[in-house]
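Right, one structure below, let's go through it.
The values are calculated or read from the model by the stated rules, or taken from the named source; none is laboratory data. Owing to the predicted nature of the structure, the values given are computational and were not obtained by experimental measurement. Backbone-built Cβ (ideal geometry, glycine too); neighbour counts: all protein chains shown. Ligands, DNA and RNA are stripped out before the accessible areas are found, and what is left, the full protein with its side chains, is counted by its heavy atoms. Shrake-Rupley method; radii C 1.70, N 1.55, O 1.52, S 1.80 Å.
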Amino acid sequence: FLADALTKNMSLTSLGLSSNRIGNEGVKSLADALKENTGLSRLGLSFNEIGDEGAMFLADALRENSSLTNLNLENNLIGNVGVKCLADALERNTGLTCLYLKLNRIAGGAMFLANALKVNESLDYLGLEGNRFGPKGTKFLADALKVNTSLTRLAFSSNDIGDKGARCLADSLKENTILAVLDLQGNGIGHEGAKSLADALKVNTSLTILNLWSNIIGDEGAMFLADALKVNTVLTSLHLKTSGISEEGAMCLLDALKVNTSLTRLDIPFNGNDRIDKEIEDRLETNRKLKKRKFLDALKSEKKAPLNRSRLMFVGQGKTGKSATVRSLLGKRFS
């Protein structure tokens, strides 16, 4: 009944069906409906155990549907066959911007996803957490990032990539100019992997958030990252909690903040030295105030100024002038 309704109702924009055990028959009905529906933009199907067959049905729909922008397939027992079908569909699909594939069984499908990322121009977010890709799978995806032109956020935690995988991603960051958020939490990255990432940060111009929580970076890795922060001018958030960093590593990061003016958030383990913790927070607060001042000055100025991916949100009910304001900022007429 729900699928039948979707073929006629074009006003519904979001549908959440997580943990409903809809089965393959239900997924097929939904997929068939998506081929006709032009209104739905968000579909949540996590925890439904749809498997490869269900993924195949959805892939068929994605080849035709151009209105769906957000698809959540977290924890669905999807394997390599299913992800190959989805990847093939992504090579043709031009509407999907967010795809969640967390906690599936697609480690052997990294090559298929990589091939899709090389040609897809719409996907902005890709969630691949907990799929155990390892260094080999990471290499496929990292190579794709060197040429991808749309992905700005990659969630890649708990994938057992180690230092080798971190090196592959670091190599891609030296060439990629689009990716802004990279989550590598819980990946067994040591100080060698941290060094590779640090070398990339010295030349990368797009990454603003890097999450390295729950790795084994240690003080030596913190030292490498600190050296990178002395020259990097775009990273705003660096997460290093539970990564084996002590007071020695914290001191290195503090020294970096004495010259870095872009970092506004730094999460590190509590090291027992209140003075260091306070000085780090004071430096970060100074950077936050500087960023705010630059943003306000840019809005007031008639000259063009880089805002380094600053986010600007307009909130208001009804016809409160939001569209007119945005068009004004873009220098466009409002009609």
Pick from G108, G190: which is within 24 Å of L77 (Cα to Cα) and over 14 Å from the mean Cα position of the chain (by Cα)? G108
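Per-residue answers, yes or no, for (1) over 18 Å from the mean Cα position of the chain (by Cα); (2) closer than 25 Å to N187 by Cα:
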residue	(1), (2)
N76	yes, yes
D88	yes, no
L96	no, no
E121	no, no
G130	no, yes
A142	no, yes
Using beta carbons and a limit of 9 Å, which pairs, at least six apart or on different chains, have the first residue in the range 74-92 and closer than 18 Å to E64 by Cα and the second one modelled with pLDDT of 95 or more and among the hydroxyl-bearing types (S, T, Y)? L90/S122
Test: N159 is assigned to a loop (DSSP other than H, G, I, E, B) and farther than 23 Å from I78 by Cα: no
Given the condition more than 25 Å from the chain's Cα centre (by Cα), β-branched (V, I, T), buried (at least 16 other Cβ atoms within 10 Å of the Cβ) and within 13 Å of A226 (Cα to Cα), answer yes or no: does some residue in the range 272-282 qualify? yes
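Condition check ((1) out of contact with any helix residue (DSSP H, G or I) (no Cβ under 6 Å at 6 or more places or on another chain); (2) open to solvent by 40 Å² or more (accessible area, probe 1.4 Å)) across all residues:
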| position | (1), (2) |
| --- | --- |
| G186 | yes, no |
| I189 | no, no |
| D227 | yes, yes |
| L240 | yes, no |
| I245 | no, no |
| C252 | no, no |
| N260 | no, no |
Quick check on the range 97-119. Is at least one of its residues over 23 Å from I209 (Cβ atoms), open to solvent by less than 10 Å² (accessible area, probe 1.4 Å), not hydrophobic (A, V, I, L, M, F, W, C) and not in a loop (DSSP other than H, G, I, E, B)? yes
Quickly run through the range 120-156 and pick out the residues that are β-branched (V, I, T) and part of a helix (DSSP H, G or I). T138
So I22 passes all but one of these: (1) of a type in the set (A, V, I, L, M, F, W, C); (2) out of contact with any helix residue (DSSP H, G or I) (no Cβ under 6 Å at 6 or more places or on another chain); (3) modelled with pLDDT of 95 or more. Which condition number does it fail? (3)
Conditions (1) open to solvent by 70 Å² or more (accessible area, probe 1.4 Å); (2) out of contact with any strand residue (DSSP E or B) (no Cβ under 9 Å at 6 or more places or on another chain) -> G51 fails only (1)
Can you name the number of the only condition in (1) at positive phi; (2) more than 18 Å from the chain's Cα centre (by Cα); (3) of a type in the set (D, E, K, R) that R92 fails? (1)
Among the residues of the range 148-156, are any surrounded by 21 or more Cβ atoms within 10 Å (Cβ to Cβ), without any contact (Cβ under 8 Å) to a residue 40 or more places away in the chain and of a type in the set (G, A, S)? no
When restricted to K28, K84, the only residue closer than 23 Å to A114 by Cβ and of a type in the set (K, R) is K84
Would you confirm whether or not the range 20-32 contains a residue that is under 23 Å from D124 (Cα atoms), part of a strand (DSSP E or B), in contact (Cβ under 8 Å) with a residue 12 or more places away in the chain and open to solvent by less than 80 Å² (accessible area, probe 1.4 Å)? no
